[in-house]
Structures are given as structure tokens and as C-alpha cells.
Amino acid sequence: MFYSFPGVFLVLLIMMPPAFAADILGAGATFPAPVYQDWASVYVRNKNVRINYVGVGSGEGIKRIEARAVDFGASDMALTIDELNKQGLLQFPMLVGAISPVVNLPDLPMGDLKLDGPALAAIYLGKIRKWDDAQLRKLNPRLTLPNLPISVVFREEASGTTFNFTNYLSKVSPEWKSAMGEGLTVKWTVGLGATGNAGVAAKIRETPGAIGYVEYADQKLNYVQMKNAVGNFISPNSSTVQSAAENVEWDAANGFYQVMTNAPGARSWPIAATTYILLAKEPGDAVQARETLAFFDWAYRRGELQAIAKDYVMLPLPLITKVRASWLAIKGKDGAPVWN
């Protein structure tokens, strides 16, 4: 027997969650998470497709796409072509941004502190332990640096941000390269660990004298000017990141592999990083794979304003054309490309 109660059907409709054409799951780097989440909020309104992206670190993002637990992985450390082929993955660049050292020095104006690569390496090696150290005073003759212990903060999980940061230190400090090297994580000898960019930022905010490294656009902390490869002190922003990206050669045949740290150029930010998307070349669900690619295609075409607002840099159009062409390698069970 069916009973009709006026207004009940309308109430049920209001309470029901919206039906989405598709749900796409991604996981990985925290570095690009702010702009991916901005894109997702706009995309669901325009395309009725929900993008669920969780920033869990590049290392975890790589693991999840290798296990096919997500529709796409995201990593700030590019995989080599051999690694991609072994795992049956396709890789392409999505954005370029700045990794920035940031500090908690309350009496210091925003962006006034200057560091070079060797000094930054010495801080993270525990060789420079106070902010009024002679090496730091020499770099900042116009500042009154406090007699305050330096509290080093680092990413404790496998992180592409750490990879780019330690890759940079390995290029500018032979001592760092010999003692610590580079990687998604290293065997830190000093400091406090925190999870994600947000965790590092929170630790810095609560610790006077702290220094850490974060994705610049996500955290409005007191950033540091860095001496770049040609000897100029540069601030992190979209213009200086764009300068670092301008003369990079991208090759689809090697999975677009690039590490952009310590790039040449008078205005180049020295710790610029590319963030990558990882997809299965033989996805289990061709329709889902096409929906995933449609999101990134939309982001290339429509996402620039959100990216610029957070100081990321979009890829040049010729490179985006190469990326779209590479998508033809993703094929369904029938052998046909899922994107055409």
C-alpha cells in the first residue's frame, strides 16, 4: 500500500545528496593541493563531476597509483622512464611552483631575510644554530638578527617537496650532497618533523626561531630571499618561477622528466619545482580514465586564473600540446585510446 504525505517527497529530495556524473579520486603531493582543490570546486559546478583529491605526500601518491587504488597520482618528483614502464604508468607535468624556506622571526619584516644555498645547507646540517651567526649576519648586514636558537622543521613523510629541496641543497653544497644526499626523504640529523605542507607551516607558526620549507603559495609565512644561480637575491613568486621554467627542454619520450632546481637566469627562483600527474596506461575503466583526462584538459584550458592567484605557473601552450598528444598512449581493453 502506498501512502502520500504532502511535502514529504520534496523534503526527501532536498535531503538527498546530489548525483554526480562521476567521482574521480586522486592522491599525492601536497605541493599542488591548493590549486587542485580550487579547480575541483569550480569543475563540479560546471561539469557535475566531483574530484576528490587528498594531499598525502608524493611518495604515498606514487604508491596508490601503482596499486591502482586511485584514478590518478600526483608527485613533485618525476619518475624515470624506466620506473614508468615498469609500473605501466604515464606521466605528465601539470604546474610549476616555488618551494620556499620560511621562518618565524616576529620582529623581522616579511621577505627581508636573505640566505644562500651554503648557509641554508649549514642550517639543516646543524652547523649554524643561532640566527645571529656570523655567516647569516654577513648575508644580512642591514638587519639586526636575534640571538635566538634556530629550530629546523622538515617533512617527516615521503615528500616531493623534500626531494626538490634536498636536490637543490645537493647542487649548492658539496657537504650536504656527501652527508645527506637527495630523496623523497633523507636521514635528518637535526630538527623536528611534521606531516605535509600544512603540518610544517603549523609547526613554524608555533615555534619562534623556526625555519622550514613549504610550497610558497599555500602558506602566508615570512618567506626568505634566496641567492640564485647567477648570484642575485630573489623572492618567490609566479614571475620568478616563470623565469626558472622558461628555458627548460621537455621530452615526452622520457616521461617529461625534469628537475628545475638552481635554474639559470637573472630572475629565476632557485627552488622551483614541477608537479606531475601519474595515470595507468591500461586503466581498468576506460570511461573513468577519460573523465579524469577531461578534468586535466579543462584545467589546462580554464584553470590559469586560479593557478596565478596562488602563485603557480601554468605550462606553456606548446608543452600542453605535447602533453595532450601523450594521452593517446592510455588505452582501454579494446586497444583504443581513451582520449582522442
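The values are calculated or read from the model by the stated rules, or taken from the named source; none is laboratory data. Worth saying up front: this structure is predicted, and the values here are computed from it rather than measured. Note: ideal-geometry Cβ built from the backbone for every residue, glycine included; neighbour counts use all protein chains shown.
For every residue, the table says whether it meets (1) touching a residue at least 12 places away in the same chain (Cβ under 8 Å); (2) in the same structural domain as VAL49 (by TED's automatic domain parsing); (3) out of contact with any His (no Cβ under 8 Å at 6 or more places or on another chain); (4) over 25 Å from ASP23 (Cβ atoms).
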{"position": "ALA263", "(1), (2), (3), (4)": "yes, no, yes, yes"}
{"position": "GLY284", "(1), (2), (3), (4)": "yes, yes, yes, no"}
{"position": "PHE295", "(1), (2), (3), (4)": "yes, yes, yes, no"}
{"position": "TYR300", "(1), (2), (3), (4)": "yes, yes, yes, no"}
{"position": "ARG324", "(1), (2), (3), (4)": "yes, yes, yes, no"}
{"position": "GLY335", "(1), (2), (3), (4)": "no, no, yes, yes"}
{"position": "TRP339", "(1), (2), (3), (4)": "yes, no, yes, no"}
Residues of segment 142-187 classified as within 17 Å of ILE204 (Cβ to Cβ) and surrounded by fewer than 17 Cβ atoms within 10 Å (Cβ to Cβ), total: 3
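Say whether the condition of being crowded, with 24+ Cβ neighbours inside 10 Å and either under 20 Å from TYR223 (Cβ atoms) or touching a helix residue (DSSP H, G or I) at 6+ places or on another chain (Cβ under 6 Å) (or both) is met by at least one residue in segment 128-139. Let's see the steps before the verdict.
Residues of segment 128-139 that are crowded, with 24+ Cβ neighbours inside 10 Å, as a first pass: none.
So far as segment 128-139 goes, no, none of its residues is crowded, with 24+ Cβ neighbours inside 10 Å and either under 20 Å from TYR223 (Cβ atoms) or touching a helix residue (DSSP H, G or I) at 6+ places or on another chain (Cβ under 6 Å) (or both).
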Condition met for ILE320 (assigned to a helix (DSSP H, G or I) and in contact with a Phe, Trp or Tyr (Cβ under 6 Å, 6 or more places away or on another chain)): yes
Residue match in segment 60-70 (condition: touching a Leu at 6+ places or on another chain (Cβ under 8 Å), of a type in the set (Asp, Glu) and either crowded, with 23+ Cβ neighbours inside 10 Å or not assigned by TED's automatic domain parsing to the domain that holds ALA289 (or both)): no
